[in-house]
1. Give K19/K205; K38/K115; K38/K238; K19/K176; K205/K242 a once-over and call out the pairs whose C-alpha atoms are over 29 Å from each other.
2. I need the helices of the chain that pass two filters: whole DSSP H segments spanning 15 Å or more by Cα along the axis, and mean Kyte-Doolittle score no lower than -0.5.
3. So, with +1 on the Cβ of K and R and -1 on the Cβ of D and E, and no other charges, what is the size of the charge dipole of the chain about its Cα centre, to the nearest 20 debye?
4. Quote the relative contact order of the chain in percent (integer), defining contacts as alpha-carbon pairs under 8 Å separated by 6+ residues.
5. K299: which aspartates and glutamates have alpha carbons under 18 Å from its alpha carbon, excluding same-chain residues fewer than 8 sequence positions away?
6. What percent do you get for the relative contact order of segment 1-57 when only Cα pairs under 8 Å and 6+ apart count?
7. Could you line up H89, H249, H218, H287 from fewest to most neighbouring Cβ atoms inside 10 Å?
8. For the charge dipole of the chain, defined by +1 on Lys and Arg C-beta atoms and -1 on Asp and Glu C-beta atoms about the Cα centroid, which residue among P196, T43, S83 has the Cα displaced farthest towards the positive pole?
Amino acid sequence: MQQTLEPLITSAWLAAWDKGDLDALDALMAVDYLRTSKATGATVDLAGLKAEIAAVREAFPDLSTTVDDVVEGDGTVAVFWTSTGTHTHEYLGVPPTGLTVQTRGSNILTLDNGKITRESVTWDGSELLAGLGIRPLRGIAAPVAPDAADLPELDPDLMKAFNRQFITGVTVVTTKEGETPKGLAANSYCSVSLEPPLVLVCVQKTSSTYSALFSSSHLGINILGTNQRETVRTFASKSPDKFAELEWHDGPNGSPLLDGSAASLEAEIQERFQAKTHTVFICRVRHAETGGSAPMVYKAGRFFDGDALAEL
Ligand SMILES: Cc1cc2nc3c(=O)[nH]c(=O)nc-3n(C[C@H](O)[C@H](O)[C@H](O)COP(=O)(O)O)c2cc1C
C-alpha cells in the first residue's frame, strides 16, 4: 500500500458514514468494487454500499465513527472501526427505540493499483440488535447449516391443518402508546415456566400495536371469557379506538387490563426474539388477577364456551 492511502481511507470513511458525503468514497473504489458481508454472504457494488450507508444514517442520524486501527498487508488493508448512534428510525425491522448503541467491525480491503476492488466485512449485527433489545433466532435470521436453504419448505396447508387441531384460549395483549391504550387479539400466549413466572406471546410486526408494544417495558395479557365474543372481534380488527366501549383498569405498571376477563396479568418484557414476520416477547409476570367467568375456547377459527367442556 502507498503510505498516503491510510489517511485517505480514514477521511473518506468518516465523511461517508458520519457526514453522509457518500461520493467521498468514489476516489477510493475501483470501478468493479464489490463488498461482501461475512455474516450474510450478501455482495453489493458501490451503489449498494452507498444505499446501505444511507439506511444506517437514516436510522442513526447522529452516527459517530472512530477508525480504531488500520493494518497494512501485502495488497490488503484491515480497517477496525467502532460506531455509536441513537436509534431514531426503523432499522433491520426494529422500530425506533431512542437507544444509543455501539457496534464494531473489521473490514479487509483488497487493493489493486491503489484502489479498493474488494471489501470483506466482518460485523456482528447481533451485538447491535442486542443493544436495541432484540435477539435474532439462529436458523431463522440465517440458515445454520450451509445446505439448510436447499431443504424443501413444509407445505403451508399441512402446517395450517396441524394448527387447526390445536385448541387454545384467546387473549388480548395490551399496552399504551403515551396515554392511549392499544391492544390486539392473540392466541399465541404460552406459559413458559412457573419459577421464574415467564410467559410468551408472538406478535406480527405488521400489527398497529407492534411498535408501542416493542418500546414498552410491560404488557398486559387478558384471557377472554365466554361473554367477551364481541371483544375478540374488536381486538382482531384495526379499529383506531378498540377500548371505546370497554371497561378496563391499569395494572400496577400501567398496562390496560380488561374488566370481565377470565384472568389478566401484567408482565415485564425481558426478551424480544426476532422470528422473521413475528417478534416473540418473553415476559416475567409481575401481577396477575383472576375473574369469575369461564375462559373462551378457540379451535380452527371458531369460538366455544369454555364452561361446557366434557371431561374425558
Ligand atoms: C383468535 C385470534 C388469534 C390471533 N392471534 C394472534 C397472535 O397470536 N399474534 C398476532 O400478531 N396476531 C394474532 N391475531 C391477529 C390480530 O388480532 C389481528 O391482526 C389484529 O387486526 C391486529 O390488530 P392491530 O394491527 O390493531 O394491532 C389473532 C386473531 C384472532 C381472531
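1. Values: K19/K205 31 Å; K38/K115 21 Å; K38/K238 40 Å; K19/K176 36 Å; K205/K242 19 Å.
Violating the 29 Å limit, Cα to Cα: K19/K205; K38/K238; K19/K176.
2. Numbers: long enough: 5-19 (20 Å, 0.37); 46-59 (20 Å, 0.68).
Result, helices passing both filters: 5-19, 46-59.
3. Numbers: 25 positive and 40 negative charges, 154 e Å.
Dipole size: approximately 740 debye.
4. Values: 623 pairs, mean separation 42.2, N = 312.
The value is 14 percent.
5. D157, E230, D307, E311
6. Details: 40 pairs, mean separation 16.1, N = 57.
Computed value for segment 1-57: 28 percent relative contact order.
7. Working: H89 13, H249 10, H218 20, H287 16.
Lowest count first: H249, H89, H287, H218.
8. Result: P196, furthest along the dipole toward the positive end.
Bear in mind these aren't lab numbers, they're just calculated from the coordinates by the rules spelled out. Being a predicted model, the structure only gives us computed values, none of them experimental. Because the Cβ atoms are built from the backbone with ideal geometry, glycine has one as well, and the counts that use them run over all protein chains shown.
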